[in-house]
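Each remark here refers to the structure printed beneath this line.
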Amino acid sequence: MEVIIQPNQEAAASLVARIVARELRANPHLVLGLATGQTMECVYRHLVRLHQMEKLDFSLCRTFNLDEYVGLFPSDPNSYRHYMNHNLFRHVNVDPRNTHLPNGLADDLDQECRCYEATIKRCGGIDLQVLGIGKAGHIGFNEPLSALYSRTRVKALTPTTMKQNGPFFGGEDKMPRRAITMGVGTIIECRRCLLLATGASKANVIARAVEGPITSMISASALQLHPRSTVIVDEEAAGNLTEKDYYRWIFANEPEWEEYR
Ligand code: GLP
């Protein structure tokens, strides 16, 4: 795992967008894993700008989102389908038929989960997965105790997540209690992982995920098992990390990061 510390949220999000752009330019057929949440909005703003100003081309890429609430219509402003259309898809030249999110309205949710896995496989697997992190340490909606080998499935949300996301629905009692999420096993099978966390509210969970033991209590800690995972944080989210100087040295000196400095 590599950790890159950027001075602020803007710089951290811009770095994630530039890495995505570079991978997309190198492989226009990229299979791109996407995430939702407030942290990602800034990344999507940068990607839209790169599309508009530098002709970043999404026409051949395929996308798979991590998760979707159970029971929300795509038109619901709180659905992740709506979030993705609003923040990214409608502003770039991605083919809507190539954008995938789990269908939280499916009659048979277990079958929908199996289908989602099969579609990812049919597309050749995910090349680059972008991730945020919830306050409970989750990636996607892999709440505490999610098996490290878990696959796409329905997951009940924890009180911490209900509290974090409840305000968007006008209260916890109005939000779905369950979501479909890629599993931890699905996520760590992708070829490259990029996790972005910003702000002081993520400092504690980032320290546990990056420098703590691998545990299903913090599903993001499973990224320690991945051969190519990068965690990008701003100074605030890096606040509780103990090896900050080492991480800074790597970004400042390793040739791999030269073009991004
Ligand atoms: C939700 C999503 C996660 C995301 C998290 C963080 O729980 N399912 O994939 O990482 O929100 O959200 P934010 O960036 O708003 O803190």
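The values are calculated or read from the model by the stated rules, or taken from the named source; none is laboratory data. Because the structure is a prediction, the values reported are computed rather than measured. Cβ coordinates were reconstructed from backbone atoms using ideal geometry, including for glycine residues, and neighbour counts include every protein chain displayed. With ligands, DNA and RNA removed, areas are computed over all heavy atoms of the protein, side chains included. Shrake-Rupley method; radii C 1.70, N 1.55, O 1.52, S 1.80 Å.
Cβ-Cβ distances below 7 Å connect the following pairs, each with a first residue in segment 103-120 that is closer than 15 Å to Glu68 by Cβ and open to solvent by less than 50 Å² (accessible area, probe 1.4 Å), a second residue that is assigned to a loop (DSSP other than H, G, I, E, B) and of a type in the set (Ser, Thr, Tyr), and a separation of six or more residues or different chains: Cys113/Thr152; Tyr116/Thr152; Glu117/Thr152. Checking each residue in segment 129-145 for being crowded, with 21+ Cβ neighbours inside 10 Å and either away from the ligand (no atom under 12 Å from the Cβ) or not in a loop (DSSP other than H, G, I, E, B) (or both) picks out Gln129, Val130, Leu131. Of the residues making up segment 167-191, those that are surrounded by fewer than 19 Cβ atoms within 10 Å (Cβ to Cβ) and within 11 Å of the ligand (Cβ to nearest atom) are Pro167, Phe168. Total residues in segment 192-217 satisfying the condition of being in contact (Cβ under 8 Å) with a residue 40 or more places away in the chain and within 13 Å of the ligand (Cβ to nearest atom): the figure is 12.
Yes or no, residue by residue, for (1) closer than 18 Å to Ala12 by Cβ; (2) surrounded by 17 or more Cβ atoms within 10 Å (Cβ to Cβ); (3) more than 17 Å from the chain's Cα centre (by Cα):
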| site | (1), (2), (3) |
| --- | --- |
| Ala220 | yes, yes, no |
| Val233 | yes, yes, no |
| Ala237 | yes, yes, no |
| Phe251 | yes, yes, yes |
| Tyr260 | yes, no, yes |
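Every listed requirement among (1) within 15 Å of the ligand (Cβ to nearest atom); (2) open to solvent by 70 Å² or more (accessible area, probe 1.4 Å); (3) touching a residue at least 60 places away in the same chain (Cβ under 8 Å) is met by Gly37 save one, (2). Scanning segment 146-163 for residues that are crowded, with 20+ Cβ neighbours inside 10 Å and away from the ligand (no atom under 13 Å from the Cβ) turns up Ser150, Thr152, Arg153. If you check Glu68 against the conditions, is it acidic (Asp, Glu), at pLDDT 95 or above and assigned to a strand (DSSP E or B)? Here the answer is yes, as Glu68 does meet what is asked.
Filtering segment 158-184 to residues that are outside any strand (DSSP E or B), among the basic types (Lys, Arg) and within 16 Å of Ala136 (Cα to Cα) leaves Lys163, Arg177.
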